[in-house]
1. Of the listed values [x] 18, 18, 12; [y] 30, 14, 9; [z] 20, 14, 11, identify the label whose number matches semi-axes √(5λ) of the Cα gyration tensor in Å calculated from this model.
2. Which value, in debye to the nearest 20, describes the size of the charge dipole of the chain about its Cα centre when Lys and Arg Cβ atoms bear +1, Asp and Glu Cβ atoms bear -1, and nothing else is charged?
3. Could you give the spread of the C-alpha atoms of the stretch 35-76 along their three principal axes, from largest to smallest, in whole angstroms?
4. Could you order the peptides 19-28, 52-61, 38-47 from most to least packed, using the average number of other C-beta atoms within 10 Å per residue?
5. What percent does the relative contact order of the chain come to when contacts are Cα pairs within less than 8 Å and at least six residues apart?
6. Return the carbon/sulfur percentage of the accessible area of the chain, one whole number, probe 1.4 Å, all protein chains in place.
7. Find the accessible area per residue for the chain; the probe is 1.4 Å, ligands and nucleic acids are left out, and the unit is Å².
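The values are calculated or read from the model by the stated rules, or taken from the named source; none is laboratory data. In this text, all values refer to a predicted model and were calculated from it rather than measured experimentally. Glycine gets a Cβ as well: all are built from the backbone with ideal geometry, and neighbour counts include every protein chain shown. Just so you know, the surface numbers come from the protein's heavy atoms only, side chains and all, with ligands and any DNA or RNA stripped out. Shrake-Rupley method; radii C 1.70, N 1.55, O 1.52, S 1.80 Å.
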Amino acid sequence: MTEAETFMPEKARLEGGPADGVRVRVTGRPGVLQVAYPCPTVGPAGGAQVEALYLYRRDLTVTEEPLRYGYDAASP
């Protein structure tokens, strides 16, 4: 991948986990994507927000679009 190509957005697909099938555009082929889902709070949160974080790791065997990111079951 040339330096110019590093900054070109590419299509990617998330597989497995709570964001299965979501399509995104990434720049620079990051090794990990983070997905956040809001969690409802019970009681006085005082304006605080709670989110569950999920990780998706890039499948290095896929070199053409759409890139593939698989759910990391070790998260959260």
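1. Evaluating semi-axes √(5λ) of the Cα gyration tensor in Å on these atoms matches [y].
2. Values: 8 positive and 10 negative charges, 23 e Å.
Here the size comes out at about 120 debye.
3. 47, 20, 10
4. Sorting 19-28, 52-61, 38-47 by mean packing, highest first, produces 52-61, 19-28, 38-47.
5. Details: 132 pairs, mean separation 24.7, N = 76.
Answer for the chain is 32 percent.
6. On the way: 2910 of 5300 Å².
Answer for the chain is 55 percent, counting heavy atoms of protein chains only.
7. On the way: 5300 Å² over 76 residues.
That works out to 70 Å² per residue.
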